[in-house]
Each structure stands twice: as C-alpha cells, then as structure tokens.
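Let me begin by presenting the structure, written as structure tokens, before commenting on it.
The values are calculated or read from the model by the stated rules, or taken from the named source; none is laboratory data. These numbers come from a predicted model, not from an experiment. Because the Cβ atoms are built from the backbone with ideal geometry, glycine has one as well, and the counts that use them run over all protein chains shown. Just the protein is used for accessible areas: all its heavy atoms, side chains included, with ligands, DNA and RNA removed. Shrake-Rupley method; radii C 1.70, N 1.55, O 1.52, S 1.80 Å.
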Amino acid sequence: MKKIRKYLVTGGAGFIGSHLCKRLLDEGHHVTCVDNFYNGSLNNIRGLFNNKDFYFVEADILNFDKIKELASKCDHVFHLAAQIHVEKSIIRPDETLKINLEGTKNLLEICTQNKNISMTLASSAEVYGEFSGAHSEDSPLNPQSPYAASKVAAEPLCTAYNHTYGSNVRIIRNFNTFGPRQKSSGYGSVISIFCRRALDNKPLIVYGDGNQTRDYQYIDDAIEGYILSEKLSPGEIINTGFGEDCKIVDIGKMIIEIANSDSRIVFSDPRPGEVRELRSNINKIRSFGFVPKYSLKA
C-alpha cells in the first residue's frame, strides 16, 4: 500500500503549483497550499476545495512564523513560491531578490530545525544563461537577469544548508512549461499569450528577431519531474524539459495555423536580459524513469 504523505506547496495557486496540488491529491496525499496571490489565482485551485485532503492558507513565504507553523505538519515541501518573471525582475530587482532568496532561506531554516521535513526547490533553466547546446546539470551558470541571479543565489544556499546542517533539500531546474491555467496577459508565457491573441485575431508580438529558442515541456511532464524529485539524494540538482528547442517565431506561426487565425507576427525591440537559446539535457532525470510524453510540435 502506498504511504500517504503530507505536503506543503508554496505558490500552490500558481500555474505549476496548482497542477502539482491536484496531482498529489489525486494520488491520495494531504496537501496544504499556501499562496499570497502575487502570481497565483484563486481560480486555479477553486476546484480543489471539495477535496477533504486539501487545505488552503493565504500567506506570504516571508512570514517565517506562519510558514513554519504550516510546514511543521508536513513531510515534504515543494517550494514554488517566487517572483518568476524576468521582465519584472529588471524593473524590481530588490523585490525579486527578497522574495526568492529570503523566502528560500526561510524554508531552509524550517527544514534545518525539523529534520523530518524534506524540500524540493523550484529553480529555473534561466540560471544557465548564454550557452550553445543542451544544458546538463553540470553546465556553467551564467545568469542574464536579476531573476536568474536570484535563482543562482538560492541554489547554492540550498546545497550549503545540506552540507552544513544536513538539510534534506534537492533542486529542480524547470525549462519552459506550457498548459492549461497559464496566464495569457501581462507577464504570462509566450505560448498562452500567442494563443489568446491568435484567437482574437490580434498581432503576435515577437521581441527581437524571433530566432531565440526555448525548450517547452507540457505541464503534466513538468509535474512528473516534481514527483520524481523526491527520489533524489539531498543536495542533488536535476533538469526537467523535453529535450528539444523551438524558435519563438516558429511557435507563433504554428499557433496562427492551428487557430486558423488572421493574426500576423509583428517584430519589436529585443528585451533586456533575454537568453538566446535554452535546451535541456534530460539524461539524468531519464535515469529515474522519466520519459516526456507531450511534444510541443505533436
């Protein structure tokens, strides 16, 4: 019989966090979801409230005492709460560093004080920066934005706590993810924004020449990576992605075709801090049985 566990998901009302909460509940676990709606939405988790094993708390990860109270009742923390947008980090670097670094430190302190609590940190492929070819976990880190730098800083903080205090924490580097419930406005993902604009027959705005590439994984594959992360040894780092990259301009053309849209692609000035190429090497996570099921091109 599968052991029932108690989980805390920070940022659980966000795009990825809400899907993770549902997956854990579907497997019969108890889930405490915490979110301050900085990025998340109540609509993302509204359908979970009828599950007796789901508990939601509106709180901020910078509120140490409240997060400690919630985490103390759990076996494992999936720490997804963060300021996740490159553009916003350029405008508000102080806020980004405070949320992403201090918030992570709070969770590490809690896991250090209670060794029965383990943790997975959601990092990002943005830590790799400019690099030609597929990024493995051993690739050099070269952050191009304050957001990327905040994740680069949070990662060694986790490994340092593991080495120094024996904190049971591992790190997952997500490559770009797409799927239902993703924001289609403001700082949303390019795929969801393109889809919305194509359905409305509005121009698709491509920043730069459109030849920058991203490795997109479907949300279900990304969630499988989080589930597998618990199998990692403390201090380990792992990529999740599909293993192929696509040009942004080609994604736009594909969406226009699928939507049978009258939209056209309009090019604008490049965005500061944007990485030209991101592609994952997922050999490590494959060794744990991970096989991505959904291709962006399929």
Hey, can you grab everything whose amide H is under 5 Å from the amide H of Thr177? Only 5+ residues off in sequence or another chain; H modelled, so Pro and N-termini drop out. Gln217
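Given a 1.4 Å probe and heavy atoms of the protein chains only, how would you sort His30, His85, largest accessible area at the top?
From most accessible down to least: His30, His85.
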Need the list of lysines near Lys253 for cross-linking: C-alpha distance under 30 angstrom, and skip anything on the same chain fewer than eight residues off. Lys88, Lys183, Lys202, Lys293, Lys297
per DSSP, antiparallel bridges as share of beta bridges in the chain, % nearest 5, sits at 5
If I stretch the segment between Tyr207 and Ala160 completely, what's the gain in nm (0.36 nm per residue apart, minus their alpha carbon distance), one decimal? 13.2 nm
Show log10 I(q)/I(0) for region 102-167 at q = 0.17, 0.19, 0.26 Å⁻¹, two decimals, from a solvent-free Debye sum over equal Cα scatterers. -0.64, -0.75, -1.08
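Find the relative contact order for region 20-100 and round it to a whole percent, using C-alpha pairs within less than 8 Å whose residues are 6+ positions apart.
Values: 60 pairs, mean separation 20.4, N = 81.
25 percent.
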Can you tell me, using C-alpha contacts under 8 Å and at least 6 residues apart, the relative contact order of the chain as a whole percent? 17
Amide H neighbours of Ser118 under 5 Å, counting only residues 5+ apart in sequence or on other chains, H built in-plane at 1.01 Å? His76, Val77
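By the scheme Lys and Arg +1, Asp and Glu -1, what is the net charge of all other residues having a beta-carbon under 14 Å from that of Arg170? All intermediate terms of the calculation are to be shown ahead of the outcome.
Numbers: positive: Arg173, Lys231, Lys284; negative: Glu137, Glu155, Glu230, Glu236.
Here the charged neighbours net out to -1.
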With DNA, RNA and ligands ignored, accessible area of Glu244 (1.4 Å probe; Å², nearest 10): 80
Let me cross-check Asp138: its accessible surface, 1.4 Å probe, with only protein heavy atoms counted, in Å² to the nearest 10? 140
In nm, what is the difference between 0.36 nm times the number of residues separating Lys297 and Val57 and their Cα-Cα distance? 82.6 nm
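I need to check one value: relative contact order of region 1-51, counting alpha carbon pairs closer than 8 Å and at least 6 residues apart, in percent. Mind showing how you got there, number by number?
On the way: 67 pairs, mean separation 21.9, N = 51.
Once normalised by length, the contact order is 43 percent.
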Please compute the Kirkwood hydrodynamic radius of the chain from all pairs of different C-alpha atoms, in Å with one decimal. 19.5
Rounded to the nearest 10 Å², the 1.4 Å probe accessible area of Glu155 is 10
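I'd like the carbon and sulfur percentage of the solvent accessible area for the chain, probe radius 1.4 Å, heavy atoms only, ligands and nucleic acids excluded. The partial results should precede the final answer.
Values: 6610 of 13300 Å².
C and S atoms contribute 50 percent here.
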Order Met254, Met119, most accessible first, counting only protein heavy atoms with a 1.4 angstrom probe. Met254, Met119
